[in-house]
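A short worksheet on the structure shown next.
The values are calculated or read from the model by the stated rules, or taken from the named source; none is laboratory data. From a predicted model like this one, the values you see are computed outputs, not experimental measurements. Positions of Cβ are generated from backbone atoms using ideal geometry, with glycine treated the same way; all protein chains shown enter the neighbour counts.
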Amino acid sequence: MKFHATTILAVRRGGAVAIGGDGQVSLGNTIMKADATKIRRLAEGKVMVGFAGSAADSFALLERFEAKLKDHPSNLPRAATELAKEWRTDRALRRLEAMLIALDARHTLLLSGSGDVIQPADGIVGIGSGGNYAVAAARALAGHSDLGAAEIVRASLEIAAGIDVYTNTNITVEELACET
């Protein structure tokens, strides 16, 4: 799936995990809003989620995901897998056009409507129209700098905003400490 609406990036590095997103909401080739927040804290702040795609579809998925987190407290992979199974098999959910990145102190997961629950090997994952640009920038910064997770996310999103017309520099970044 390719979405023209946003860029979301997560980076796990140096005892922290950060997730960030730009604020642009586009409708076709028109910028409808420049300061949307596409990062949410769930499970009493222990889980962070970023979403790309249709806003209504994303919020529908966030509500379902929050319910799965309540059903499986302290088990992000299980909650994500249960959401992915429901997303894949439910007639109404199958049509949703969105993707999610979910993370906690131990896991970073990409969730898609095709049933994918993927944990990136290098702790870096991006979604949205500028996701690949942000991931490339984050990998370069992680390999060649001493920046922390939140700094890499912010810098990478700024780089993506300079390339992708559906991404702006109104950036929100949230960070969690990782378990050791």
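Within the range 83-121, restricting attention to residues that are of a type in the set (D, E, K, R) and modelled with pLDDT of 90 or more, which residue is nearest to ALA150 (Cα to Cα)? Taking the candidates together, the pick is ASP104. Restricting attention to the range 28-52, and to residues there that are more than 11 Å from the chain's Cα centre (by Cα) and buried (at least 17 other Cβ atoms within 10 Å of the Cβ), which single residue is farthest from LEU109 (Cα to Cα)? The residue in question is ALA36. Filtered by the rule that a residue be farther than 21 Å from PRO120 by Cα, in contact (Cβ under 8 Å) with a residue 60 or more places away in the chain and of a type in the set (D, E, K, R), the range 23-44 gives a lone residue, ASP35. Checked against (1) surrounded by fewer than 18 Cβ atoms within 10 Å (Cβ to Cβ); (2) within 30 Å of LEU147 (Cα to Cα), ALA80 passes all but condition (1).
Matching residues to (1) surrounded by fewer than 23 Cβ atoms within 10 Å (Cβ to Cβ); (2) part of a helix (DSSP H, G or I); (3) in contact with a helix residue (DSSP H, G or I) (Cβ under 6 Å, 6 or more places away or on another chain):
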residue	(1), (2), (3)
MET99	no, no, no
ALA105	yes, no, no
ILE127	no, no, no
GLY143	yes, yes, no
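Within the range 153-167, residues that are over 13 Å from ALA136 (Cα atoms) have Cβ atoms under 6 Å from residues that are surrounded by fewer than 18 Cβ atoms within 10 Å (Cβ to Cβ) and hydrophobic (A, V, I, L, M, F, W, C) in no pair, counting only partners at least 6 apart in sequence or on another chain. VAL153 meets all of the listed conditions (1) touching a Leu at 6+ places or on another chain (Cβ under 6 Å); (2) part of a strand (DSSP E or B); (3) within 11 Å of LEU9 (Cβ to Cβ); (4) not polar (S, T, N, Q) but one, namely (2). For TYR133, indicate whether it is in a helix (DSSP H, G or I), on the phi < 0 side of the Ramachandran plot, surrounded by 20 or more Cβ atoms within 10 Å (Cβ to Cβ) and in contact (Cβ under 8 Å) with a residue 12 or more places away in the chain. Answer is yes for this residue. When the strands (runs of 3 or more DSSP E) confined to the range 1-88 are screened for residues that are of a type in the set (Val, Ile, Thr) and over 25 Å from SER114 (Cβ atoms), those reaching at least 2 such residues are found at 30-33. Return yes or no: is GLY21 surrounded by fewer than 18 Cβ atoms within 10 Å (Cβ to Cβ), within 26 Å of ALA142 (Cα to Cα) and in contact with a Gly (Cβ under 6 Å, 6 or more places away or on another chain)? In short, no. Across the range 145-163, the number of residues qualifying as of a type outside the set (A, V, I, L, M) and in contact with a helix residue (DSSP H, G or I) (Cβ under 6 Å, 6 or more places away or on another chain) comes to 1.
Residue by residue, here is whether (1) β-branched (Val, Ile, Thr); (2) surrounded by 16 or more Cβ atoms within 10 Å (Cβ to Cβ); (3) within 21 Å of LEU69 (Cα to Cα) holds:
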| position | (1), (2), (3) |
| --- | --- |
| THR108 | yes, yes, yes |
| GLY113 | no, yes, yes |
| ILE124 | yes, yes, no |
| ILE152 | yes, yes, no |
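Scanning for something farther than 24 Å from GLU44 by Cα and of a type in the set (Lys, Arg), does the range 122-140 turn up at least one residue? Yes: one or more hits.
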